[in-house]
Amino acid sequence: MAKIKPPILTLAPEQENEANQKIKRFMEERFELSLGSFEAAEILDLFTREIAPHYYNRAIFDVQTHLKERFESIESDLWALEKN
């Protein structure tokens, strides 16, 4: 039996409920497929465990890039203040 990896992100119960409702609504509107709460929760669980880490890692990379640029700018500003 495959080991289930834990989710890297968790939602507050009200956020999870809202996400489940959005999944149910999307599946109904887009595919005319009526899902129950269990099915919607399983889809959310799949996204949480398998897809969310990719978005999380991308967000971390983007923040690192932004901070690196900002620190370089601060360093440049400090060099400009240096007295001879």
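When the range 12-55 is filtered for residues that are polar (S, T, N, Q) and outside any helix (DSSP H, G or I), only Ser34 remains.
Considering each residue of the range 60-69 in turn, none proves to be surrounded by 12 or more Cβ atoms within 10 Å (Cβ to Cβ) and either part of a helix (DSSP H, G or I) or on the phi < 0 side of the Ramachandran plot (or both). Exactly one residue among Ile23, Ile4 is surrounded by 11 or more Cβ atoms within 10 Å (Cβ to Cβ) and of a type in the set (A, V, I, L, M), and that residue is Ile23.
Contact annotation: residue pairs with Cβ atoms under 6 Å, 6 or more positions apart or on different chains, pairing a residue in the range 46-72 that is of a type in the set (D, E, K, R) with a partner that is surrounded by 11 or more Cβ atoms within 10 Å (Cβ to Cβ), are Arg49/Pro7.
Values quoted throughout were computed directly from the atomic coordinates according to the rules given, and no laboratory measurement underlies them. Treat the numbers as computed from the prediction; the structure is a model and nothing was measured. Quick reminder, even Gly has a Cβ in these numbers, built from the backbone with ideal geometry, and neighbours come from all protein chains shown.
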